[in-house]
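Heads up: the structure comes next, in structure tokens.
The values are calculated or read from the model by the stated rules, or taken from the named source; none is laboratory data. All figures in this text were calculated on a predicted structure; none of them were measured in a lab. For neighbour counting, all protein chains shown are included, and Cβ atoms are generated from backbone atoms with ideal geometry for every residue, glycine included. Surface areas here come from the heavy atoms of the whole protein model, side chains and all, with no ligands, DNA or RNA. Shrake-Rupley method; radii C 1.70, N 1.55, O 1.52, S 1.80 Å.
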Amino acid sequence: MVNQKQTVAEIGFTHEDFAALLDKYDYHFSPGDTVAGTVFSIEPRGALIDIGAKTAAYIPIQEMSINRVDSPEEVLQSNETREFFILTDENEDGQLTLSIRRIEYMRAWERVRQLQTEDATVRSNVFATNRGGALVRIEGLRGFIPGSHISTRKPKEDLVGEELPLKFLEVDEDRNRLVLSHRRALVERKMNRLEVGEVVIGTVRGIKPYGAFIDIGGVSGLLHISEISHDHIDTPHSVFNVNDEVKVMIIDLDAERGRISLSTKQLEPEPGDMIKNRDLVYDKAEEMAAKYREQMFAKQQGINLEETEIVAEEIPAAMEEEIPTASEEEIPAAMEEEIPTASEEEIPAAMEEEIPAAMEEEIPAAMEEEIPTASEEEIPAATEEEIPTASEEEIPAAIDEE
């Protein structure tokens, strides 16, 4: 018993020692950290959160969600435990300011980056329009559709509340820029049902010095001036008028850029028919398109159909000349000697020499003007308001970065 009392007296543990021990093992919280916390008091414009600090942390209502919140109870419940982002350091009362919104914001950017990488099509309702385009929300983030990427005949003001399919043009978290395209989404969907070499009927919607824009089923394709006719054309206005109905053939589909290239030149039975006899071009359109597809297939296979047909005609003629002059004994020998010689030496040589090298030159590159990229002036500064700072009355300390 004596030894035990002596041991206790030697240990000794005061209140000051206990306080020092608490300080030693107290957690240090810094802005930018993500911590677990439990809701223990909900107030009209915020909530107090226990995160293990000396003083309860506070989350204002505007930091409770990436979306608009009218009441804290829409997001938080008493005694609920969840993750919180430390928004500001301790104020003079030792209280930290927290945010759920910032966590959702970071995760939303991660999600849209993933969607852009997958080249996914998303859908969203237009909630506002301005002079430059329309505003939508993607994963809670505010996105902008430039006017040049809105593919509809409706006035922009009538788009409010309408759901649109969209493709990503730009995802830049650092600059707070989320730019989307309605036009590209429609073109991709339409492209899934179109093929190169297909003849389609469209309507002239616009004429530029470099070509005509043709509406085909709700999407626009470019009929470049070089693809109107084999004959020289000074301006597309000399051939087409706005609202003209035309037959055109698809010569290129660029899904990545959302561009459709068209041609009437490839449908001409004779060079210049688009200028001299347009009705004949339209009447023969399917026939000429079939020949074009055959030529494209032959090019892919590395053969020339026209030369193959010529050689095929020459072989029987050679055989007819040889067989009558040969005796019955000589016919088999003549056939064995003459036919392999023609098929093995003459045909491949003709094929290799006659493959046209100009095919690629006939298909013009898609015009850069087809889908203009959004200029910085078009993208409203409203996107920078995506993360409003808490008011000075609700958040004790100022947020430099916000």
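What are the ³J(HN,Hα) values, in whole Hz, obtained from phi via the Karplus relation 6.51 cos²θ - 1.76 cosθ + 1.60 with θ = phi - 60°, for each residue of region 216-232 in sequence order, with x given for Gly and Pro?
10, x, x, 10, 9, x, 9, 9, 5, 4, 6, 10, 7, 7, 5, 7, 5
At 1.4 Å probe size, put S30, S263 in order of accessible surface, largest to smallest.
S30, S263
Taking amide hydrogens as modeled 1.01 Å from N in the peptide plane, which residues meet the under 5 Å criterion relative to D252, leaving out close sequence neighbours?
The answer is S261.
Short version: ³J(HN,Hα) in whole Hz for each residue of region 269-276, in order, from phi by Karplus 6.51 cos²θ - 1.76 cosθ + 1.60 (θ = phi - 60°), x for Gly and Pro, what are they?
Once θ is set to phi - 60°, the couplings for region 269-276 become x, 10, x, x, 5, 5, 8, 8 Hz.
From the protein chains alone at 1.4 Å, what is the descending order of accessible area for E256, E188, largest first?
The ordering from most to least exposed comes out as E256, E188.
Between R177 and residues 5 or more places away or on another chain, which pairs have amide H atoms under 5 Å apart, with H built 1.01 Å from N, and which residues are they?
D172
Simple spin-label model, 7 Å along Cα-to-Cβ: A290 to S78 in nm?
If labels sit at A290 and S78, their model points lie 8.1 nm apart.
Through the Karplus equation 6.51 cos²θ - 1.76 cosθ + 1.60, θ set to phi - 60°, convert the phi angles of region 92-108 into ³J(HN,Hα) values in whole Hz; use x for Gly and Pro.
Here the 3J(HN,Hα) series is 5, 8, x, 9, 8, 9, 10, 8, 9, 4, 5, 5, 5, 4, 5, 5, 5 Hz.
Report the Cα centroid-to-centroid distance between region 267-298 and region 155-195 in angstrom, as an integer.
Using only Cα atoms to place each centre, the spacing works out to 35 Å.
Largest first, how would K208, K156, K276 line up by accessible area (1.4 Å probe)?
Largest accessible area first, the residues go K276, K208, K156.
Modelled label-to-label distance, T34 and F297, 7 Å Cα→beta-carbon offset: nm?
Each label point is offset 7 Å from its Cα along the Cβ direction, giving 5.5 nm.
So for region 196-313: antiparallel DSSP bridges make up what percent, rounded to the nearest 5?
So the antiparallel bridges in region 196-313 amount to around 90 percent.
Search the structure for amide H atoms under 5 Å from the amide H of E90, placed 1.01 Å from N in the peptide plane, and list their residues when 5 or more places away or on another chain.
none
How big is the convex hull of the Cα atoms of region 80-228, per residue, in Å³? Before the final figure, lay out the partial values.
Numbers: hull volume 27.1 nm³, N = 149.
Looking at region 80-228, the number lands at 182 Å³ per residue.
Provide the packing ranking of 236-243, 51-58, i.e. peptides ordered by the mean count of other C-beta atoms within 10 Å per residue, highest first.
51-58, 236-243
How much length would be gained if the chain were fully extended between D158 and D231, taking 0.36 nm per residue of separation minus their Cα-Cα distance, in nm to one decimal? Don't skip to the answer; put the middle values down first.
Working: separation 73, 0.36 × 73 = 26.28 nm, distance 4.39 nm.
Once the chain is fully extended between D158 and D231, it gains 21.9 nm.
Would you tell me the accessible area of S226, worked out with a 1.4 angstrom probe on the heavy atoms of the protein chains, in Å² to the nearest 10?
Solvent-accessible area, nearest 10 Å²: 50 Å².
Label points 7 Å out from Cα along the Cβ direction at E195 and T117: separation in nm?
3.5 nm
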